[in-house]
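All remarks here apply to the structure that follows.
The values are calculated or read from the model by the stated rules, or taken from the named source; none is laboratory data. Because the structure is predicted, anything quoted here is derived from the model rather than measured. Quick reminder, even Gly has a Cβ in these numbers, built from the backbone with ideal geometry, and neighbours come from all protein chains shown. Surface areas here come from the heavy atoms of the whole protein model, side chains and all, with no ligands, DNA or RNA. Shrake-Rupley method; radii C 1.70, N 1.55, O 1.52, S 1.80 Å.
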Amino acid sequence: MKLKPKRSISDLAVFGGEPAFEEPLHVGRPNIVDRRAFLDRVNDMLDRRWLTNDGPFVEEFERAVAGRIGVRNVVAVCNATIGLEIAARALDLRGEVLVPGFTFVASANALHWIGLTPVFCDIDASSLTIDPADAARRVTPLTTGLLGVHVYGRACDTDGLQRVADDNGLVVFYDAAHALGCTHAGRMVGTFGALEVFSFHATKFVNAFEGGAIATDDDELAERARLMRNFGFTGYDTTTLFGTNAKMTEVSAAMGLTSLSHIDELVEVNRVNFAGYRQALDGVTGLRLVEPAYGEVSNYQYVVVRIDAEAPLSRDGMLAVLQAENVLARRYFYPGVHELEPYRTLARHPLTLPIAERVSREVLALPTGTAMSTNEVAYVSDLIDFAMRHGSEIARRRGQPATVGGAED
Ligand code: T4K
């Protein structure tokens, strides 16, 4: 595809120019790998007439994920949100659970949905993960757990959080929805805390249409989660605990297995895209790329830029420019979950988390994955560079002051 460069700001689609892309470029476009292998598995599944309830593909998927992470137990579930609910129940958490304000709403919803109170904490400005010191300040006699989120695959300060937990008798567990294949302190994510929960949603770089997995070295905990996943059944007619239906289907496991068997290539595609953006965006005023932790393995599945409040074009100004060009960048995560309803109204006192709020007004996730070509990465980067260089002019023409901070609404 020949992509037309923008020569003046009147060429921008936001001002009536022709959009750069005919088809939208999405953040989270699913990676579809090896259709043949997937369809063969689907045929096997149909021949077997075993569609769900702990089928052979689910078992194989669990073994494959466990092998990849190097953890004793993996319990596959229908999605990570329900996986987090089961996790918190299997851990027998009560009362309040500490959680970062800067995350996807699912992290908090999973807690609230089962009657726990998420207590929102601020984040560390560089790792963008929950700040152990802030978490420690929010512990009350009702606190029983701490849910860290490895945002964009960058791991939490696991030692710092464990210290807070040890000092206060809490259980630490992790939302690892973004972090499949990532390491922390040279160790695979999936092996930290009491357990970790991964997502295999369609938008994740390894996907099972919908899916999740609970990873833990604790056999008893895994057994409880396994029973909870299937109504609590221990036999045909016996139950021992309250359970739900959180089973992964065979067709999802077939997709998950197919996707997982290409994980190294998928990481490489993400890495190359990331490197392309990094090189092209280096030196663009007011903008920086969120980098993986130094020396760690990353899956590079999120390409996120931070546009600071002094940048010539605000984060939301940039979003408007990109969207008009059919580059559907996303504000992952804006606003902070504590600012979202119904959490905002539920809070007894207005809650301000300065770093989470600042970061949520700066971030913009860009399209990556197998749906993006190298050319497209280069073009999107050029577009961002162009828009930033003409930021003040664009802001003026859009009727916005040039520097209004990141978010317009
Ligand atoms: N914890 C964290 C930290 C998470 O980020 C998430 C999920 C969870 C927990 C919960 O995991 P799951 O329960 O989902 O397993 C998307 C995903 O739905 C969600 O899984 C993900 N995080 C979140 C960051 O992003 P939305 O509501 O923004 O998705 P949506 O529907 O706008 O899709 C994103 C883009 O992807 C769209 O622009 C279109 C494209 N797309 C999407 C799908 C589903 C496609 O091209 N094809 C598709 O099939 O949440």
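Some points to look at:
- Whole-Å distance, taken between Cα centres, linking region 148-169 and region 212-248: 26
- Over region 35-260, the Kirkwood radius and the radius of gyration, each from Cα atoms, give a ratio Rg/Rh of 0.98.
- Viscosity 1.002 mPa s, 20 °C: Kirkwood-radius Stokes-Einstein D of the chain over Cα pairs, µm²/s: 97
- Using a probe of 1.4 Å, the accessible surface attributed to Asp237 totals some 140 Å² when neighbouring protein chains are kept in position.
- Distant alpha-carbon pairs in region 144-216 (separation over 21 angstrom), percent: 23
- Per-selection metrics, region 278-321 (Cα): Rg and Dmax in Å: 12.0, 35
- Loop-exposed GluC sites (Glu not before Pro) per DSSP, neighbour cap 11 Cβ within 10 angstrom, longest uninterrupted part of the chain: 23-309
- Antiparallel bridge percentage (DSSP; both residues within the chain; nearest 5): 55
- Other residues with beta-carbon under 11 Å from the beta-carbon of Ala155 carry, at +1 per Lys or Arg and -1 per Asp or Glu, a net charge of -2.
- Taking a ≥ b ≥ c as the square roots of the eigenvalues of the Cα gyration tensor, region 149-304 is oblate, since a/c reaches 1.5 or more and a/b is not larger than b/c.
- Shape analysis of region 1-145 places it in the oblate category; the axes a ≥ b ≥ c from the Cα gyration tensor give an a/c of at least 1.5, with a/b not above b/c.
- Distance between region 251-319 and region 48-83 - C-alpha centres, whole angstrom: 27
- Using a probe of 1.4 angstrom and keeping all protein chains present, the accessible surface of the chain works out to 44 square angstrom per residue.
- Accessible-area value, Asp92, 1.4 Å probe, nucleic acids and ligands omitted, Å²: 90
- Mean Cα-pair separation over length for region 35-260, i.e. relative contact order, pairs under 8 Å, 6 or more apart, %: 27
- Once all protein chains are placed together, Tyr174 keeps about 0 Å² accessible to a 1.4 angstrom probe.
- Rounded to the nearest Hz, the phi-derived 3J(HN,Hα) couplings of region 358-373 under the Karplus curve 6.51 cos²θ - 1.76 cosθ + 1.60 (θ = phi - 60°) are 5, 4, 5, 8, 10, 7, 8, 8, 10, x, 8, x, 5, 6, 9, 8, where x marks glycine and proline.
- CD proxy at 222 nm, helix term only [per DSSP H run n ≥ 4: -39500 (n - 2.57); per residue of the chain; nearest 500]: -11000 deg cm²/dmol
- Point-charge dipole on Cβ atoms (K/R +1, D/E -1) for the chain, about Cα centre, debye to 20: 740
- Cα shape, region 20-91, gyration tensor, a/c 1.5 rule: oblate
- Taking N as its residue count, the alpha carbon Rg of region 244-377 over 2.2 N^0.38 Å: 1.28
- When the solvent-accessible area of the chain is split by element, carbon and sulfur atoms take up 50 percent of it, the probe being 1.4 Å.
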